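*Asks:* Sharing a structure here in structure tokens format.
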Amino acid sequence: MSAILVVGSVALDSVETPFGKVDDALGGSATYFSAAASVFAETKLVGVVGDDFPLERLDFLKRRGVDFAGVEVVQGNSFRWSGVYEYDLNTRRTLSTELGVFADFSPTVPAEYGAADWVFLGNIDPVLQHAVLDQVESPKFVACDTMDFWIEGARESLVKLLGRIDMLVVNDAEVRELSGEYNLLVAARWIQERGPRHVVVKKGEHGAVLFSGDSVFFAPGYPLEEIFDPTGAGDAFAGGMVGYLAYVNHANDEELRRAVVFGSALGSFACESFGPDRLAELDEDDVFERVAIFREMTRFEEMAPEGA
Ligand code: AMP
């Protein structure tokens, strides 16, 4: 097993879904990613919070061994995000994004993190994603997420970043917006031509598609009976995927396919509570059990030959 370095937001989220509402819940791309990745791998976080942040809420991650040496606490307001989901939980509307201390953040990667093999550039300003990559020695695998906020606000820097990463992990709306292509296969090819060999397109409850070189692999979403809040599912997906890759310490085509299924499993757990509470209580066995159900859900026998 080798370590993962993640940079991203550590936030306070206010979320409303048809099933409830929370204010200032623990959130952020790096938080959800770490909550999922740390089930399998040593995770080191780079980020910033304001002096208003309730640090004790991160204790469950510390107990899982997540390293916070790269998280600065500075004077000012923490990153706050609020959003609302209508009945179709695949569609979310951002109500507000307050960058707070992220606006002036200049990430410093602690010297002991520089040798990390696995890097996840969580959803933050692409300028900061570049700055983190500049400080990592020779990573084995770099995956990166983004969202409409940055595709619209920092496009040039984001397209340049594609040339420095191995995998882009985005949802269907984001890959369409970034590429300007509606067809997902064409959109994925557009991304691949600019750098990453692998593109993962998340499709919410409908699963995720891995475009890897010329091959395409599909993992379904886990059919949950009850969904409370899909916030963070994308980051938990990425955490499950990169966490699994770090656990097996390989990113060949077979492992990547398995990793997408682990991602889909972790993404589903994230939806089972508001905030990362459900992820907080998970262990490896819970995840393996769910992955076994995925295998069963997608298994089918070849048709018997005629006359057999
Ligand atoms: P996801 O549902 O996986 O796409 O991620 C949701 C998380 O992303 C929330 O917990 C937010 O705090 C965080 N988030 C929302 N907007 C931004 C943004 N512009 N930059 C960084 N993080 C964000």
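*Asks:* Gap in Å between the Cα centre of the range 247-278 and the Cα centre of the range 70-128?
*Replies:* 20
*Asks:* As an exercise, use a Förster radius of 45 Å and the Cβ-Cβ distance of residue 88 and residue 304 to find the FRET efficiency, rounded to the nearest 0.05.
*Replies:* 0.65
*Asks:* Taking Cα centroids, how far is the range 161-220 from the range 10-41 in Å?
*Replies:* What the calculation gives is 24 Å, centre to centre.
*Asks:* If I model a spin label at residue 140 and residue 157 as a point 7 Å from the Cα along the Cα→Cβ vector, what separation in nanometres do I get?
*Replies:* The modelled label-to-label distance comes out at 3.0 nm.
*Asks:* For residue 62 and residue 108, compute 0.36 nm times the residue count separating them, minus their Cα-Cα distance, and round to one decimal in nm.
*Replies:* Working it through step by step, the gained length comes to 14.6 nm.
*Asks:* Share of antiparallel DSSP beta bridges in the chain, in percent to the nearest 5?
*Replies:* 40
*Asks:* Let me ask another. Please sort through the DSSP H helices of the chain and keep those with an alpha-carbon extent of at least 15 Å along the long axis and a Kyte-Doolittle average not below 0.5.
*Replies:* Membrane-span-like by this criterion, though nothing is claimed about a membrane: 233-248.
*Asks:* Per residue and in cubic angstrom, what volume does the convex hull of the Cα atoms of the range 265-308 have?
*Replies:* 68
*Asks:* Here's another thing I want to ask about it. Hey, could you grab the Kirkwood Rh for the range 71-159? Inverse mean 1/r over distinct alpha carbon pairs, Å, one decimal.
*Replies:* The Cα-based Kirkwood calculation yields 14.9 Å.
*Asks:* How long are the semi-axes of the equivalent ellipsoid of the chain, taking √(5λ) for every eigenvalue λ of the Cα gyration tensor, in whole Å from largest down?
*Replies:* Result for the chain: semi-axes of 29, 22, 20 Å.
*Asks:* Taking 7 Å along the Cα-to-C-beta vector as the label spot, tell me the residue 292-residue 115 distance in nanometres, rounded to one decimal.
*Replies:* 3.7
*Asks:* Here's something else I'd like to know. Percent relative contact order of the chain, based on C-alpha pairs within less than 8 angstrom and at least six residues apart?
*Replies:* 18
*Asks:* Another question, if that's okay. Can you bin every Cα-Cα distance in the range 11-107 into 5 Å intervals starting at zero and give me the percent of pairs per bin, rounded to whole numbers?
*Replies:* For the range 11-107, the pair-distance distribution reads 3, 12, 22, 22, 18, 15, 8, 1.
*Asks:* Let me ask another. Across the chain, how many lysine pairs, 8 or more positions apart or on different chains, have C-alpha atoms separated by under 24 Å? Please give the number.
*Replies:* Pairs that pass both the separation and distance tests number 6.
*Asks:* Could you check how many percent of all C-alpha pairs in the range 15-55 are farther apart than 10 Å?
*Replies:* So the pairs more than 10 Å apart make up 78 percent of the total in the range 15-55.
Only the coordinates and a few stated rules stand behind these numbers; no lab work does. Here the structure is a predicted model, which is why all the values come from computation and not from measurement. Quick reminder, even Gly has a Cβ in these numbers, built from the backbone with ideal geometry, and neighbours come from all protein chains shown.
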